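The values are calculated or read from the model by the stated rules, or taken from the named source; none is laboratory data. The structure displayed is predicted, hence computed values, not measured ones. So basically every Cβ, Gly included, is an ideal-geometry build from the backbone, and we count neighbours across all protein chains shown. Only protein heavy atoms, including side chains, enter the accessible area calculation; ligands, DNA and RNA are left aside. Shrake-Rupley method; radii C 1.70, N 1.55, O 1.52, S 1.80 Å.
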Amino acid sequence: MVLDLVRMNKILEVRIADRLAVVQPGVVYADLQGRLGRDGFFFPPDPASGKVATLGGNVATNAGGIKGAKYGTTKDYVLGLEVVLPDGRVLRTGSNCMKSVSGYDLTHLFVGSEGTLGVITEIRLKINPLPRARSTAVAAFDRLQDAGRAVSQIMQSGIVPSVCEILDRRAIALLRERTGADLPAVAAVILAETDGYTPEETRFQLEQLVAVFQGSRAVQIRTAATDEEAERLWSARKALGSVIMRSRLNFLVEDVTVPMSRITALLEGIAAIALKYKLDFVTFGHAGDGNLHPHVFYDGSDRAQVEKVQAAVTELFQLTCALGGTLSGEHGIGLDKAPFMGLEHEAVALETMRSLKQLFDPQGLLNPGKMGLEA
Ligand SMILES: Cc1cc2nc3c(=O)[nH]c(=O)nc-3n(C[C@H](O)[C@H](O)[C@H](O)COP(=O)(O)OP(=O)(O)OC[C@H]3O[C@@H](n4cnc5c(N)ncnc54)[C@H](O)[C@@H]3O)c2cc1C
(Lines give C-alpha, C1' and ligand atoms only; values in the text may rest on other atoms or scores of the structure.)
Protein backbone atom coordinates (compact mmCIF):
# COMPACT_ATOMS: atom_id res chain seq x y z
CA MET A 1 0.00 0.00 0.00
CA VAL A 2 1.36 3.46 -0.95
CA LEU A 3 0.08 6.48 1.00
CA ASP A 4 0.77 9.85 -0.63
CA LEU A 5 -0.24 12.19 2.23
CA VAL A 6 0.66 15.35 0.28
CA ARG A 7 -1.92 14.51 -2.38
CA MET A 8 -4.50 13.55 0.24
CA ASN A 9 -5.50 17.20 0.47
CA LYS A 10 -9.27 17.21 -0.04
CA ILE A 11 -11.90 18.71 2.21
CA LEU A 12 -14.35 15.85 1.87
CA GLU A 13 -17.42 17.26 3.64
CA VAL A 14 -18.57 20.31 5.59
CA ARG A 15 -21.88 19.64 7.34
CA ILE A 16 -22.85 22.82 9.19
CA ALA A 17 -26.07 21.26 10.58
CA ASP A 18 -23.93 18.54 12.21
CA ARG A 19 -21.08 20.96 13.15
CA LEU A 20 -18.77 18.64 11.25
CA ALA A 21 -15.91 18.79 8.74
CA VAL A 22 -14.35 15.67 7.23
CA VAL A 23 -10.89 16.16 5.73
CA GLN A 24 -7.93 14.27 4.34
CA PRO A 25 -4.68 14.67 6.32
CA GLY A 26 -2.82 16.72 3.67
CA VAL A 27 -5.27 19.66 3.86
CA VAL A 28 -3.42 22.78 5.01
CA TYR A 29 -4.93 24.34 8.16
CA ALA A 30 -5.47 27.76 6.49
CA ASP A 31 -7.30 26.18 3.56
CA LEU A 32 -9.84 24.57 5.88
CA GLN A 33 -10.25 27.93 7.69
CA GLY A 34 -10.91 29.64 4.35
CA ARG A 35 -13.56 27.07 3.44
CA LEU A 36 -15.29 27.19 6.85
CA GLY A 37 -15.22 31.02 6.89
CA ARG A 38 -17.59 30.99 3.90
CA ASP A 39 -20.21 29.45 6.19
CA GLY A 40 -19.34 31.67 9.19
CA PHE A 41 -17.56 28.78 10.95
CA PHE A 42 -13.98 28.06 12.05
CA PHE A 43 -11.70 25.36 13.41
CA PRO A 44 -10.21 27.10 16.48
CA PRO A 45 -6.76 25.60 17.37
CA ASP A 46 -4.95 28.18 15.15
CA PRO A 47 -1.26 27.14 15.22
CA ALA A 48 1.14 29.92 14.14
CA SER A 49 2.29 27.52 11.39
CA GLY A 50 -1.30 27.32 10.05
CA LYS A 51 -0.42 28.65 6.58
CA VAL A 52 1.80 25.62 5.92
CA ALA A 53 0.98 22.94 8.50
CA THR A 54 -1.36 20.11 7.53
CA LEU A 55 -4.33 18.86 9.50
CA GLY A 56 -2.67 15.42 9.63
CA GLY A 57 0.33 17.07 11.29
CA ASN A 58 -1.95 19.11 13.56
CA VAL A 59 -3.71 15.95 14.77
CA ALA A 60 -0.48 13.95 15.04
CA THR A 61 1.08 16.66 17.25
CA ASN A 62 -2.16 17.83 18.93
CA ALA A 63 -1.38 21.37 17.74
CA GLY A 64 -2.58 24.44 19.61
CA GLY A 65 -2.19 28.17 19.30
CA ILE A 66 -2.87 31.56 20.77
CA LYS A 67 -6.53 30.78 21.37
CA GLY A 68 -5.88 27.75 23.57
CA ALA A 69 -7.04 29.44 26.76
CA LYS A 70 -10.62 29.73 25.54
CA TYR A 71 -10.87 27.17 22.76
CA GLY A 72 -8.48 24.38 23.75
CA THR A 73 -6.29 22.46 21.32
CA THR A 74 -6.78 20.08 18.38
CA LYS A 75 -7.71 17.16 20.63
CA ASP A 76 -10.86 19.02 21.73
CA TYR A 77 -12.17 18.95 18.14
CA VAL A 78 -11.28 15.50 16.82
CA LEU A 79 -14.40 13.31 16.67
CA GLY A 80 -13.01 10.41 14.71
CA LEU A 81 -10.16 9.17 12.54
CA GLU A 82 -9.31 6.70 9.84
CA VAL A 83 -5.86 5.26 10.51
CA VAL A 84 -3.72 2.80 8.56
CA LEU A 85 -1.99 0.56 11.08
CA PRO A 86 1.59 -0.64 10.55
CA ASP A 87 0.31 -4.11 9.48
CA GLY A 88 -1.85 -2.51 6.74
CA ARG A 89 -5.23 -2.87 8.46
CA VAL A 90 -7.51 0.19 8.36
CA LEU A 91 -8.89 1.30 11.72
CA ARG A 92 -11.90 3.66 11.93
CA THR A 93 -12.44 5.35 15.30
CA GLY A 94 -15.09 7.63 16.78
CA SER A 95 -18.21 8.82 14.98
CA ASN A 96 -19.95 11.91 13.61
CA CYS A 97 -21.56 12.52 17.02
CA MET A 98 -20.61 15.40 19.31
CA LYS A 99 -20.67 12.90 22.18
CA SER A 100 -19.66 9.27 22.36
CA VAL A 101 -18.62 7.11 25.28
CA SER A 102 -18.79 3.82 23.45
CA GLY A 103 -15.74 1.68 24.16
CA TYR A 104 -12.18 2.83 24.64
CA ASP A 105 -11.39 6.28 23.23
CA LEU A 106 -9.18 5.05 20.39
CA THR A 107 -9.42 8.41 18.59
CA HIS A 108 -7.47 10.25 21.24
CA LEU A 109 -4.84 7.56 21.43
CA PHE A 110 -3.73 8.75 18.00
CA VAL A 111 -4.08 12.50 18.65
CA GLY A 112 -0.61 13.68 19.65
CA SER A 113 0.95 10.26 18.96
CA GLU A 114 3.41 11.90 16.51
CA GLY A 115 2.92 9.23 13.88
CA THR A 116 4.30 6.49 16.11
CA LEU A 117 1.16 4.28 16.14
CA GLY A 118 -0.41 4.59 12.69
CA VAL A 119 -0.84 6.85 9.66
CA ILE A 120 -3.92 9.09 9.81
CA THR A 121 -5.75 9.08 6.46
CA GLU A 122 -9.05 10.80 7.33
CA ILE A 123 -10.11 13.20 10.09
CA ARG A 124 -13.55 14.12 11.44
CA LEU A 125 -13.53 17.51 13.15
CA LYS A 126 -15.99 19.43 15.27
CA ILE A 127 -16.23 23.05 14.09
CA ASN A 128 -17.44 26.26 15.78
CA PRO A 129 -19.48 29.28 14.67
CA LEU A 130 -17.08 32.20 14.13
CA PRO A 131 -17.35 34.93 16.80
CA ARG A 132 -18.34 38.15 15.06
CA ALA A 133 -16.91 40.69 17.54
CA ARG A 134 -13.61 41.16 19.35
CA SER A 135 -11.95 43.69 21.66
CA THR A 136 -8.28 44.16 22.47
CA ALA A 137 -6.31 45.54 25.42
CA VAL A 138 -2.57 45.88 26.02
CA ALA A 139 -1.09 46.36 29.49
CA ALA A 140 2.51 47.12 30.47
CA PHE A 141 4.08 46.11 33.80
CA ASP A 142 7.25 47.30 35.50
CA ARG A 143 7.48 44.09 37.51
CA LEU A 144 7.22 40.55 36.17
CA GLN A 145 5.38 39.52 39.32
CA ASP A 146 2.61 42.04 38.60
CA ALA A 147 2.14 40.67 35.09
CA GLY A 148 2.05 37.11 36.47
CA ARG A 149 -0.49 38.15 39.09
CA ALA A 150 -2.62 39.78 36.38
CA VAL A 151 -2.75 36.48 34.45
CA SER A 152 -3.94 34.60 37.55
CA GLN A 153 -6.46 37.36 38.36
CA ILE A 154 -7.89 37.29 34.82
CA MET A 155 -8.64 33.60 35.27
CA GLN A 156 -10.47 34.38 38.51
CA SER A 157 -12.40 37.33 37.06
CA GLY A 158 -15.25 35.29 35.59
CA ILE A 159 -14.21 35.65 31.94
CA VAL A 160 -11.87 33.69 29.68
CA PRO A 161 -10.10 35.89 27.11
CA SER A 162 -9.81 34.41 23.61
CA VAL A 163 -6.14 35.43 23.59
CA CYS A 164 -3.78 36.32 26.45
CA GLU A 165 -0.18 36.73 25.32
CA ILE A 166 2.82 37.75 27.41
CA LEU A 167 6.12 39.27 26.20
CA ASP A 168 9.17 39.51 28.44
CA ARG A 169 11.65 42.42 28.63
CA ARG A 170 13.95 40.94 25.97
CA ALA A 171 11.08 40.31 23.54
CA ILE A 172 9.91 43.90 24.02
CA ALA A 173 13.46 45.24 23.56
CA LEU A 174 13.91 43.20 20.36
CA LEU A 175 10.67 44.60 18.92
CA ARG A 176 11.60 48.17 19.90
CA GLU A 177 15.07 47.80 18.33
CA ARG A 178 14.13 45.99 15.13
CA THR A 179 10.63 47.30 14.31
CA GLY A 180 10.38 50.56 16.26
CA ALA A 181 7.30 49.07 17.94
CA ASP A 182 5.36 51.50 20.09
CA LEU A 183 5.83 49.48 23.29
CA PRO A 184 7.21 50.85 26.59
CA ALA A 185 10.54 49.48 27.87
CA VAL A 186 9.06 47.49 30.75
CA ALA A 187 9.47 44.08 32.41
CA ALA A 188 6.46 42.55 30.65
CA VAL A 189 3.56 43.32 28.36
CA ILE A 190 0.26 41.42 28.21
CA LEU A 191 -1.86 41.56 25.06
CA ALA A 192 -5.36 40.22 25.48
CA GLU A 193 -8.36 39.81 23.24
CA THR A 194 -11.94 38.99 24.09
CA ASP A 195 -14.38 37.68 21.51
CA GLY A 196 -18.08 37.00 21.29
CA TYR A 197 -21.16 37.22 19.16
CA THR A 198 -22.05 40.86 19.93
CA PRO A 199 -19.89 43.98 20.52
CA GLU A 200 -21.57 44.42 23.94
CA GLU A 201 -20.48 40.94 25.00
CA THR A 202 -16.83 41.57 24.10
CA ARG A 203 -16.83 45.07 25.61
CA PHE A 204 -18.17 43.70 28.90
CA GLN A 205 -15.33 41.18 28.97
CA LEU A 206 -12.82 43.88 28.08
CA GLU A 207 -13.96 45.98 31.06
CA GLN A 208 -13.22 43.01 33.35
CA LEU A 209 -9.76 42.71 31.83
CA VAL A 210 -8.99 46.40 32.25
CA ALA A 211 -10.14 46.24 35.88
CA VAL A 212 -7.74 43.33 36.48
CA PHE A 213 -4.86 45.22 34.84
CA GLN A 214 -5.58 48.30 36.95
CA GLY A 215 -5.66 46.18 40.12
CA SER A 216 -2.36 44.51 39.16
CA ARG A 217 -0.34 47.75 38.97
CA ALA A 218 -0.15 48.01 35.19
CA VAL A 219 1.82 51.16 34.37
CA GLN A 220 0.11 51.59 31.02
CA ILE A 221 -3.16 50.22 29.61
CA ARG A 222 -4.36 50.72 26.04
CA THR A 223 -7.61 49.48 24.52
CA ALA A 224 -8.72 49.40 20.91
CA ALA A 225 -12.08 50.82 19.94
CA THR A 226 -11.92 49.70 16.31
CA ASP A 227 -10.60 46.72 14.35
CA GLU A 228 -7.91 48.99 12.82
CA GLU A 229 -6.68 50.05 16.27
CA ALA A 230 -6.71 46.41 17.41
CA GLU A 231 -4.64 45.46 14.37
CA ARG A 232 -2.10 48.19 15.29
CA LEU A 233 -1.82 46.88 18.85
CA TRP A 234 -1.34 43.32 17.60
CA SER A 235 1.14 44.22 14.85
CA ALA A 236 4.14 44.17 17.23
CA ARG A 237 3.30 40.70 18.55
CA LYS A 238 2.70 39.41 15.04
CA ALA A 239 6.09 40.77 13.89
CA LEU A 240 8.00 38.89 16.61
CA GLY A 241 8.21 35.56 14.73
CA SER A 242 9.71 37.10 11.60
CA VAL A 243 12.08 39.35 13.62
CA ILE A 244 13.45 36.21 15.29
CA MET A 245 13.63 34.27 12.00
CA ARG A 246 15.74 37.08 10.49
CA SER A 247 18.32 36.85 13.30
CA ARG A 248 21.85 36.14 12.11
CA LEU A 249 22.35 33.69 14.96
CA ASN A 250 21.02 30.18 15.38
CA PHE A 251 18.15 29.81 17.81
CA LEU A 252 16.35 27.04 19.61
CA VAL A 253 12.69 27.46 20.54
CA GLU A 254 11.00 25.52 23.31
CA ASP A 255 7.30 25.26 24.19
CA VAL A 256 7.35 24.49 27.89
CA THR A 257 4.03 24.82 29.71
CA VAL A 258 3.08 25.25 33.37
CA PRO A 259 -0.14 25.77 35.33
CA MET A 260 -1.10 29.43 34.78
CA SER A 261 -0.35 30.40 38.40
CA ARG A 262 3.30 29.36 37.84
CA ILE A 263 3.94 31.62 34.82
CA THR A 264 5.88 34.18 36.89
CA ALA A 265 8.04 31.45 38.46
CA LEU A 266 8.82 30.06 35.00
CA LEU A 267 9.68 33.50 33.57
CA GLU A 268 11.89 34.28 36.57
CA GLY A 269 13.55 30.87 36.26
CA ILE A 270 14.26 31.43 32.56
CA ALA A 271 15.86 34.81 33.36
CA ALA A 272 18.03 33.12 36.03
CA ILE A 273 19.10 30.37 33.60
CA ALA A 274 19.97 33.00 30.96
CA LEU A 275 22.09 34.86 33.51
CA LYS A 276 23.81 31.69 34.79
CA TYR A 277 24.81 30.52 31.28
CA LYS A 278 25.28 34.05 29.86
CA LEU A 279 22.88 33.23 27.03
CA ASP A 280 20.40 35.48 25.25
CA PHE A 281 16.84 34.22 25.89
CA VAL A 282 13.83 35.97 24.35
CA THR A 283 10.58 34.72 25.86
CA PHE A 284 6.96 35.22 24.92
CA GLY A 285 3.94 32.98 24.78
CA HIS A 286 0.41 32.11 25.53
CA ALA A 287 0.05 33.11 29.19
CA GLY A 288 -3.65 32.26 28.99
CA ASP A 289 -2.83 28.57 28.91
CA GLY A 290 0.57 28.62 30.62
CA ASN A 291 2.52 27.91 27.41
CA LEU A 292 5.75 29.89 26.94
CA HIS A 293 8.17 29.98 24.01
CA PRO A 294 11.68 30.73 25.30
CA HIS A 295 13.97 31.31 22.29
CA VAL A 296 17.67 30.93 23.00
CA PHE A 297 20.11 32.49 20.52
CA TYR A 298 23.58 31.07 19.94
CA ASP A 299 26.33 30.62 17.39
CA GLY A 300 25.99 27.05 16.11
CA SER A 301 29.62 27.02 14.89
CA ASP A 302 30.87 27.55 18.45
CA ARG A 303 31.03 24.12 20.17
CA ALA A 304 31.25 25.63 23.67
CA GLN A 305 28.10 27.69 23.08
CA VAL A 306 26.19 24.67 21.75
CA GLU A 307 27.11 22.75 24.93
CA LYS A 308 26.02 25.69 27.07
CA VAL A 309 22.66 25.78 25.29
CA GLN A 310 22.19 22.04 25.87
CA ALA A 311 22.91 22.47 29.60
CA ALA A 312 20.61 25.50 29.84
CA VAL A 313 17.74 23.73 28.08
CA THR A 314 18.13 20.69 30.34
CA GLU A 315 17.81 23.04 33.30
CA LEU A 316 14.75 24.66 31.70
CA PHE A 317 13.06 21.26 31.39
CA GLN A 318 13.96 20.39 35.01
CA LEU A 319 12.52 23.69 36.21
CA THR A 320 9.33 23.27 34.16
CA CYS A 321 8.69 19.79 35.53
CA ALA A 322 9.47 20.94 39.09
CA LEU A 323 6.76 23.60 38.63
CA GLY A 324 4.26 20.87 37.73
CA GLY A 325 4.57 21.65 34.03
CA THR A 326 5.07 19.72 30.82
CA LEU A 327 7.97 19.49 28.35
CA SER A 328 5.77 20.35 25.41
CA GLY A 329 2.50 22.26 25.18
CA GLU A 330 2.50 22.45 21.39
CA HIS A 331 5.35 21.11 19.32
CA GLY A 332 5.53 17.56 20.63
CA ILE A 333 8.42 15.46 21.91
CA GLY A 334 9.93 14.19 18.66
CA LEU A 335 13.56 13.11 18.84
CA ASP A 336 15.03 16.15 20.64
CA LYS A 337 12.97 15.89 23.82
CA ALA A 338 12.76 12.08 23.87
CA PRO A 339 15.66 11.77 26.37
CA PHE A 340 13.75 14.00 28.83
CA MET A 341 10.47 12.02 28.97
CA GLY A 342 11.53 10.53 32.32
CA LEU A 343 11.62 14.00 33.90
CA GLU A 344 7.88 14.39 33.37
CA HIS A 345 6.43 10.88 33.31
CA GLU A 346 6.62 8.23 36.02
CA ALA A 347 7.96 4.76 35.20
CA VAL A 348 4.47 3.21 35.03
CA ALA A 349 3.30 5.84 32.51
CA LEU A 350 6.39 5.29 30.34
CA GLU A 351 5.95 1.49 30.54
CA THR A 352 2.31 1.85 29.46
CA MET A 353 3.30 4.07 26.50
CA ARG A 354 5.98 1.56 25.48
CA SER A 355 3.45 -1.31 25.70
CA LEU A 356 1.07 0.59 23.40
CA LYS A 357 3.87 1.26 20.92
CA GLN A 358 4.76 -2.46 21.01
CA LEU A 359 1.09 -3.47 20.51
CA PHE A 360 0.51 -1.22 17.47
CA ASP A 361 3.97 -1.28 15.93
CA PRO A 362 5.88 -4.36 17.14
CA GLN A 363 8.48 -4.00 14.39
CA GLY A 364 9.15 -0.32 15.19
CA LEU A 365 8.37 0.79 11.62
CA LEU A 366 6.76 4.15 12.40
CA ASN A 367 8.87 7.17 13.36
CA PRO A 368 11.47 5.11 15.27
CA GLY A 369 13.02 6.95 18.20
CA LYS A 370 10.29 9.59 18.49
CA MET A 371 9.12 10.03 22.10
CA GLY A 372 11.80 7.51 23.13
CA LEU A 373 9.32 4.60 23.22
CA GLU A 374 11.49 1.81 21.89
CA ALA A 375 11.89 -1.09 24.31
C1 LIG B 1 7.25 28.77 12.52
C2 LIG B 1 6.53 27.66 13.23
C3 LIG B 1 5.48 27.97 14.07
C4 LIG B 1 4.81 26.94 14.75
N5 LIG B 1 3.77 27.28 15.56
C6 LIG B 1 3.09 26.31 16.19
C7 LIG B 1 1.98 26.64 17.04
O8 LIG B 1 1.61 27.81 17.20
N9 LIG B 1 1.35 25.63 17.64
C10 LIG B 1 1.72 24.31 17.46
O11 LIG B 1 1.08 23.44 18.04
N12 LIG B 1 2.77 23.99 16.70
C13 LIG B 1 3.45 24.94 16.04
N14 LIG B 1 4.50 24.60 15.24
C15 LIG B 1 4.89 23.18 15.11
C16 LIG B 1 4.21 22.47 13.89
O17 LIG B 1 4.00 23.36 12.84
C18 LIG B 1 2.90 21.90 14.29
O19 LIG B 1 3.14 20.91 15.25
C20 LIG B 1 2.06 21.30 13.13
O21 LIG B 1 0.86 20.77 13.67
C22 LIG B 1 2.76 20.21 12.37
O23 LIG B 1 2.09 20.00 11.14
P24 LIG B 1 2.92 19.62 9.83
O25 LIG B 1 1.96 19.43 8.70
O26 LIG B 1 4.01 20.60 9.66
O27 LIG B 1 3.46 18.22 10.30
P28 LIG B 1 4.90 17.58 10.08
O29 LIG B 1 5.96 18.46 10.66
O30 LIG B 1 5.03 17.11 8.70
O31 LIG B 1 4.73 16.30 11.03
C32 LIG B 1 4.69 16.45 12.41
C33 LIG B 1 4.60 15.05 13.04
O34 LIG B 1 3.32 14.50 12.73
C35 LIG B 1 3.49 13.27 12.03
N36 LIG B 1 2.42 13.21 11.00
C37 LIG B 1 2.17 14.13 10.04
N38 LIG B 1 1.11 13.74 9.31
C39 LIG B 1 0.69 12.55 9.82
C40 LIG B 1 -0.37 11.64 9.49
N41 LIG B 1 -1.18 11.85 8.48
N42 LIG B 1 -0.49 10.52 10.23
C43 LIG B 1 0.33 10.27 11.28
N44 LIG B 1 1.36 11.09 11.64
C45 LIG B 1 1.52 12.22 10.90
C46 LIG B 1 4.89 13.31 11.41
O47 LIG B 1 5.42 12.01 11.22
C48 LIG B 1 5.63 14.08 12.48
O49 LIG B 1 6.02 13.22 13.54
C50 LIG B 1 5.21 25.60 14.56
C51 LIG B 1 6.26 25.29 13.69
C52 LIG B 1 6.91 26.30 13.04
C53 LIG B 1 8.05 25.95 12.12
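Yes or no: Asp4 among the acidic types (Asp, Glu) and either within 14 Å of the ligand (Cβ to nearest atom) or buried (at least 19 other Cβ atoms within 10 Å of the Cβ) (or both)? If you could, list the steps in order and put the result at the bottom.
Details: among the acidic types (Asp, Glu): yes; either within 14 Å of the ligand (Cβ to nearest atom) or buried (at least 19 other Cβ atoms within 10 Å of the Cβ) (or both): yes.
So Asp4 passes the test.
So is Gly65 at pLDDT below 95 and in contact with a Pro (Cβ under 8 Å, 6 or more places away or on another chain) or not? Working first, answer last.
Values: at pLDDT below 95: yes; in contact with a Pro (Cβ under 8 Å, 6 or more places away or on another chain): yes.
Criteria met by Gly65.
Return yes when Glu193 is assigned to a strand (DSSP E or B), in contact with a Lys or Arg (Cβ under 9 Å, 6 or more places away or on another chain) and of a type outside the set (A, V, I, L, M, F, W, C) and no when it is not.
Values: assigned to a strand (DSSP E or B): yes; in contact with a Lys or Arg (Cβ under 9 Å, 6 or more places away or on another chain): yes; of a type outside the set (A, V, I, L, M, F, W, C): yes.
Yes; evaluated as a whole, the condition is true for this residue.
Of all residues in the stretch 101-137, which are part of a loop (DSSP other than H, G, I, E, B) and of a type in the set (A, V, I, L, M)?
Taking the stretch 101-137 and keeping what is part of a loop (DSSP other than H, G, I, E, B), we get 101-105, 111-118, 127, 130-132.
The answer is Val101, Val111, Leu117, Ile127, Leu130.
Sort out which residues of the stretch 139-161 are assigned to a helix (DSSP H, G or I) and among the acidic types (Asp, Glu), and write them in order of number.
Keep residues of the stretch 139-161 that are assigned to a helix (DSSP H, G or I), which gives 144-155.
Within the stretch 139-161, just Asp146 meets the criteria.
Considering only helices (runs of 4 or more DSSP H) fully contained in the stretch 289-375, which possess at least 3 residues that are within 16 Å of the ligand (Cβ to nearest atom) and either modelled with pLDDT under 95 or open to solvent by 20 Å² or more (accessible area, probe 1.4 Å) (or both)?
On the way: elements: 303-322, 341-344, 347-360.
In the stretch 289-375, 347-360 are the helices (runs of 4 or more DSSP H) which contain 3 or more residues that are within 16 Å of the ligand (Cβ to nearest atom) and either modelled with pLDDT under 95 or open to solvent by 20 Å² or more (accessible area, probe 1.4 Å) (or both).
Out of all the residues in the stretch 54-86, which are crowded, with 22+ Cβ neighbours inside 10 Å, among the small types (Gly, Ala, Ser) and more than 7 Å from the ligand (Cβ to nearest atom)?
Of everything in the stretch 54-86, those that are crowded, with 22+ Cβ neighbours inside 10 Å, among the small types (Gly, Ala, Ser) and more than 7 Å from the ligand (Cβ to nearest atom) turn out to be Gly68, Ala69.
If the requirement is being under 20 Å from Pro294 (Cβ atoms) and modelled with pLDDT of 95 or more, which of these qualifies: Val90, Val119, Val186, Val138? Before the answer, list the steps.
Working: Val90 fails: under 20 Å from Pro294 (Cβ atoms); Val119 fails: under 20 Å from Pro294 (Cβ atoms); Val138 fails: under 20 Å from Pro294 (Cβ atoms).
After applying the criteria, what remains is Val186.
Taking the residues in the stretch 9-31 that are crowded, with 21+ Cβ neighbours inside 10 Å and touching a residue at least 60 places away in the same chain (Cβ under 8 Å) as candidates, determine which candidate is farthest from the ligand (Cβ to nearest atom).
This residue is Ala21.
Under 8 Å between Cβ atoms, which residue pairs at least 6 apart in sequence (or on different chains) link something in the stretch 207-220 that is among the acidic types (Asp, Glu) with a partner that is modelled with pLDDT of 95 or more and surrounded by 14 or more Cβ atoms within 10 Å (Cβ to Cβ)?
Nothing qualifies.
Which one of these does Gly40 not meet: (1) at positive phi; (2) small (Gly, Ala, Ser); (3) in contact with a Cys (Cβ under 8 Å, 6 or more places away or on another chain)?
Answer for Gly40: the failing condition is (3).
State all residues of the stretch 200-218 that are farther than 14 Å from Ser162 by Cα and not in a loop (DSSP other than H, G, I, E, B); if no residue qualifies, say none.
Narrowing the stretch 200-218 to residues farther than 14 Å from Ser162 by Cα: 200, 207, 210-218.
Selection gives Glu200, Glu207, Val210, Ala211, Val212, Phe213, Gln214, Gly215.
Looking at the structure I just gave you, is Val119 surrounded by fewer than 24 Cβ atoms within 10 Å (Cβ to Cβ), over 21 Å from the mean Cα position of the chain (by Cα) and within 16 Å of the ligand (Cβ to nearest atom)?
Working: surrounded by fewer than 24 Cβ atoms within 10 Å (Cβ to Cβ): yes; over 21 Å from the mean Cα position of the chain (by Cα): yes; within 16 Å of the ligand (Cβ to nearest atom): yes.
So Val119 fits the description; yes.
Being among the β-branched types (Val, Ile, Thr) and part of a helix (DSSP H, G or I) is the filter; apply it to the stretch 231-254 and report the residue that is farthest from the ligand (Cβ to nearest atom). Working first, answer last.
First, the residues of the stretch 231-254 that are among the β-branched types (Val, Ile, Thr): 243-244, 253.
Subset that is part of a helix (DSSP H, G or I): 243-244.
On the way: Val243: 13, Ile244: 9 Å.
The qualifying residue farthest from the ligand (Cβ to nearest atom) is Val243.
Restricting to the stretch 40-52, and then to whatever is touching a strand residue (DSSP E or B) at 6+ places or on another chain (Cβ under 7 Å) and open to solvent by less than 20 Å² (accessible area, probe 1.4 Å), can you tell me which residue is farthest from the ligand (Cβ to nearest atom)?
Phe42
Just one of Val160, Val151 is surrounded by fewer than 18 Cβ atoms within 10 Å (Cβ to Cβ) and within 12 Å of Gly288 (Cα to Cα); which is it? Please lay out each step first, then the result.
Values: Val151 fails: surrounded by fewer than 18 Cβ atoms within 10 Å (Cβ to Cβ).
Testing whether each residue is surrounded by fewer than 18 Cβ atoms within 10 Å (Cβ to Cβ) and within 12 Å of Gly288 (Cα to Cα) leaves just Val160.
Kindly indicate whether Phe204 is open to solvent by less than 10 Å² (accessible area, probe 1.4 Å) and aromatic (Phe, Trp, Tyr).
Criteria not met by Phe204.
I'd like the full set of residues that are under 14 Å from Ile273 (Cβ atoms), charged (D, E, K, R) and out of contact with any Phe, Trp or Tyr (no Cβ under 6 Å at 6 or more places or on another chain), limited to the stretch 294-341.
Hit for the stretch 294-341 is Glu315, nothing else.
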